[in-house]
Amino acid sequence: MKKIAVFPGSFDPFTIGHEAIIRRAMSLFDEIIIAVGANALKKNFYSLETRKEMINTVFKNEQKVRVDHYEGLTVDYCKKRGAHYLLRGLRTSSDFEFERAIGQVNKSMEPGIESVFLLTAPEHSFINSGIVRDIIQNGGDASKFVPAAINLKDYKGIEDQDMLT
Ligand code: ADP
């Protein structure tokens, strides 16, 4: 059976922390689907399409990695894709507490889906999308926190686009 993992998240934006988790997980799974959560209630900086485009740029030469989006429960999306693994990264003890609750709820809803956690590399443990977004929104240089393939100048946030219209 093909080992398919879903890596769900907001990825607003995708960072080198996310990239490192995917690259390490590539030896564990046959296919990894990076699934961008499309939550209409959540105010995102980058549009769904922009986030997917950025991630596609990073993995365009990787046969094993696909980029998609989903709405609703992550476990329902996993079932739809035939994925038996849910991949997550762990940075801090607060990540652990948050992931523990979600992981246990998911396991109780779908016993056939295993959550798999990879510990972040120490040099990535302070990187989170919120901080990177803050740097971008305030005109700073966030390029070292996003994958080399992503040129931030090529992408506009939703608010910036509004200002242009
Ligand atoms: P969410 O909004 O669900 O937290 P994120 O886009 O922030 O989604 O993150 C998706 C996944 O990537 C989560 O499992 C998160 O713990 C992990 N992650 C985020 N940043 C890092 C990092 N710097 N190192 C390792 N894992 C990370």
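Please determine, by comparing only the residues of segment 69-82 that are of a type in the set (A, V, I, L, M, F, W, C) and touching a helix residue (DSSP H, G or I) at 6+ places or on another chain (Cβ under 8 Å), which one is nearest to ARG51 (Cα to Cα).
Residues of segment 69-82 that are of a type in the set (A, V, I, L, M, F, W, C), as a first pass: 73, 75, 78.
Filter again for touching a helix residue (DSSP H, G or I) at 6+ places or on another chain (Cβ under 8 Å), leaving 73, 75.
Numbers: LEU73: 20, VAL75: 21 Å.
Among residues in segment 69-82 that are of a type in the set (A, V, I, L, M, F, W, C) and touching a helix residue (DSSP H, G or I) at 6+ places or on another chain (Cβ under 8 Å), the one nearest to ARG51 (Cα to Cα) is LEU73.
Within the set of pairs 6+ apart or on separate chains, which have a first residue in segment 85-109 that is touching a residue at least 40 places away in the same chain (Cβ under 8 Å), a second that is in a helix (DSSP H, G or I) and not basic (Lys, Arg), and C-beta atoms under 6 Å apart?
Listed pairs, sorted by first residue: LEU87/ALA25; ARG88/GLU99; GLY89/ILE21.
Table: residues versus (1) more than 27 Å from ILE102 (Cβ to Cβ); (2) within 15 Å of the ligand (Cβ to nearest atom); (3) in contact (Cβ under 8 Å) with a residue 24 or more places away in the chain.
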| site | (1), (2), (3) |
| --- | --- |
| LEU118 | no, yes, yes |
| ARG133 | no, yes, yes |
| ASN151 | yes, no, no |
| ILE158 | no, no, yes |
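Name the pairs whose Cβ atoms lie under 7 Å apart, with the first residue in segment 66-78 and among the basic types (Lys, Arg), the second surrounded by fewer than 20 Cβ atoms within 10 Å (Cβ to Cβ) and modelled with pLDDT of 95 or more, and 6 or more positions between them or separate chains?
ARG66/GLU31
If you check PHE145 against the conditions, is it surrounded by 14 or more Cβ atoms within 10 Å (Cβ to Cβ), of a type in the set (Phe, Trp, Tyr), closer than 13 Å to ILE16 by Cβ and in contact with a helix residue (DSSP H, G or I) (Cβ under 8 Å, 6 or more places away or on another chain)?
Working: surrounded by 14 or more Cβ atoms within 10 Å (Cβ to Cβ): yes; of a type in the set (Phe, Trp, Tyr): yes; closer than 13 Å to ILE16 by Cβ: yes; in contact with a helix residue (DSSP H, G or I) (Cβ under 8 Å, 6 or more places away or on another chain): yes.
So PHE145 passes the test.
The values are calculated or read from the model by the stated rules, or taken from the named source; none is laboratory data. Worth saying up front: this structure is predicted, and the values here are computed from it rather than measured. Backbone-built Cβ (ideal geometry, glycine too); neighbour counts: all protein chains shown.
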